[in-house]
Structures are given as C-alpha cells and as structure tokens.
1. Of all residues in the stretch 69-82, how many are crowded, with 18+ Cβ neighbours inside 10 Å and either over 29 Å from residue 168 (Cα atoms) or in contact with a strand residue (DSSP E or B) (Cβ under 7 Å, 6 or more places away or on another chain) (or both)?
2. Please specify each residue of the stretch 35-67 satisfying the condition of being in a loop (DSSP other than H, G, I, E, B) and free of Cβ contacts under 8 Å to residues at least 12 places away in the same chain.
3. Out of all the residues in the stretch 73-89, which are closer than 28 Å to residue 133 by Cα and touching a helix residue (DSSP H, G or I) at 6+ places or on another chain (Cβ under 8 Å)?
4. Just to verify a result, which residue in the stretch 141-161, among those that are in contact with a helix residue (DSSP H, G or I) (Cβ under 9 Å, 6 or more places away or on another chain) and farther than 24 Å from residue 89 by Cβ, is surrounded by the most Cβ atoms within 10 Å (Cβ to Cβ)?
5. Determine, yes or no, whether residue 128 is assigned by TED's automatic domain parsing to the domain that holds residue 90, under 30 Å from residue 76 (Cα atoms), modelled with pLDDT of 90 or more and surrounded by 16 or more Cβ atoms within 10 Å (Cβ to Cβ).
6. Checking residue 130 against (1) in a helix (DSSP H, G or I); (2) in contact (Cβ under 8 Å) with a residue 60 or more places away in the chain, which single condition isn't satisfied?
7. Tell me whether the stretch 83-93 contains one or more residues that are assigned to a loop (DSSP other than H, G, I, E, B), outside the structural domain of residue 155 (by TED's automatic domain parsing) and surrounded by fewer than 21 Cβ atoms within 10 Å (Cβ to Cβ).
8. Take the residues in the stretch 107-126 that are in contact with a helix residue (DSSP H, G or I) (Cβ under 8 Å, 6 or more places away or on another chain) and assigned to a loop (DSSP other than H, G, I, E, B), then tell me which one is nearest to residue 40 (Cα to Cα).
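The values are calculated or read from the model by the stated rules, or taken from the named source; none is laboratory data. A quick note: this is a predicted structure, and the numbers were derived from the prediction, not measured. Here the Cβ is made from the backbone with ideal geometry for all residues, glycine too, and neighbour counts use every protein chain on show.
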C-alpha cells in the first residue's frame, strides 16, 4: 500500500482566487463531501480545505461558520462521539483515548470533557476487564514472569494507568478472571 504524502496548506501567494463566489461554492461543496466521508473537527476540516489553491482563509472561515450555524460542525459533540466510538471499538484507557483525540486536532478542554463523559458511561474498570478477557482468550493465562510482563506491557500500551493495571494483574494471577 502506498502512503499518501500529507499536503501542506498553501501560502497566500500560491493561491488563485479569481472568482470568490465560485471559490466559495467549490469550498462549501468540498467541505460537505469531506464531512460526508467521515466526521471531522473544525481544525481538521480547515486544514483539508486550505490544501486547495482555489480558496483562501477568508472563504474557508465563511464556509466553516456557515457549517457551524447549520450544526454540521460541533467540536464538543464530535469529541464525545469519537471518544465513545473508540471505547466501543476496542478497550483502551484514558491515555490512549487522549492521544487519539489529540490527533483529531481538538483543544485540551474539549478532549478532557469528552473523556470524562465517555468514562462516566463506561467505567475504566469495565473497559480494562474487557481488554484482559480479550488478551486471555488470545494468549491464555500468563505462566511465566516474562508472560506476565508482556501482559502488563500490553495493558500499558492500551493506555491504562499503572495503578489500575497493577490491581487488575493481581486479580488475574489470583484467578479472578477464570471463565466467568
């Protein structure tokens, strides 16, 4: 699979906005197409729209404002649904979820609020239990110290906190997760 190179937003001197009305229409059309493909944050959409030479920041700002007025763009709602979707998709901890939302170019307060909401609906203890059961199904119970270390490292990579992992690993070694 060939990787696409990330396009950089163009500088103002590289832009060719001959007909502002036509450019606004094209920018709006592109924005709607991008949002139809997948939900995006305002910053993500802005970046993608500015990749094209036939638009400029002023036109993009107008289009984004109109989309926000139509309720097609809402970073808070986007962050909440992205966080809850990620938790449904795979068992991940707060750290990994934060990293995922940061990659979506959301601000820190929005991310924190979305994570808090997501873990109110699905407690982190339940999420790590799902991750442990999945790992036990795939790899079995850790027999050696090395296996336990790999299990522990797996949970760390999934973004769970050290203290939570330590308490859950004690339960795993005590047999609390035997065929529930």
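1. Count: 3.
2. Hit for the stretch 35-67 is 38, nothing else.
3. 79, 80, 82, 83, 84, 86, 87
4. That would be 142.
5. So residue 128 does not fit the description; no.
6. The failed condition is (2).
7. For the stretch 83-93, residues assigned to a loop (DSSP other than H, G, I, E, B), outside the structural domain of residue 155 (by TED's automatic domain parsing) and surrounded by fewer than 21 Cβ atoms within 10 Å (Cβ to Cβ): present.
8. 107
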